[in-house]
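One structure below.
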Amino acid sequence: MTLRQKTDKYRPRSGSAGALPPAVDHTAYRVVQEALTNAVRHAADRGAGLRDMRERVRLLGGALSAGPAGPGGWRVRADLPREGNAW
């Protein structure tokens, strides 16, 4: 199964009940996608991916943390405001 197939079910959906604003929905999707991409690549170059994720989250007024989580693990957390900046 490809990374796209694994993440497609999390693609932003508009018009669903309780839907997030498009900018927040898309940023959440991209953070998850980048975190999974880094995991698949075994985080050979975490720097660029983390920079991109932090920038996306920062533009919405959110916060991102990432770092080791237990032996051999890695954790990524994005706190996004429900009402993010519109694009």
ask   = Any chance segment 69-83 includes a residue that's part of a helix (DSSP H, G or I) and either loosely packed, with under 12 Cβ neighbours inside 10 Å or at pLDDT 85 or above (or both)?
value = no
inquiry  = Need the failing condition index for Asp45 against (1) modelled with pLDDT of 70 or more; (2) among the charged types (D, E, K, R); (3) exposed (fewer than 11 other Cβ atoms within 10 Å of the Cβ), just the number.
reply    = (1)
message = Between Arg30, Arg13, Arg58, which is modelled with pLDDT of 85 or more and more than 18 Å from Trp74 (Cα to Cα)?
response = Arg58
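The values are calculated or read from the model by the stated rules, or taken from the named source; none is laboratory data. Fair warning: this is a prediction, and the values are worked out from it, not measured in the lab. Every residue, glycine as well, gets a Cβ built from its backbone with ideal geometry; the counts of neighbours run over all protein chains shown.
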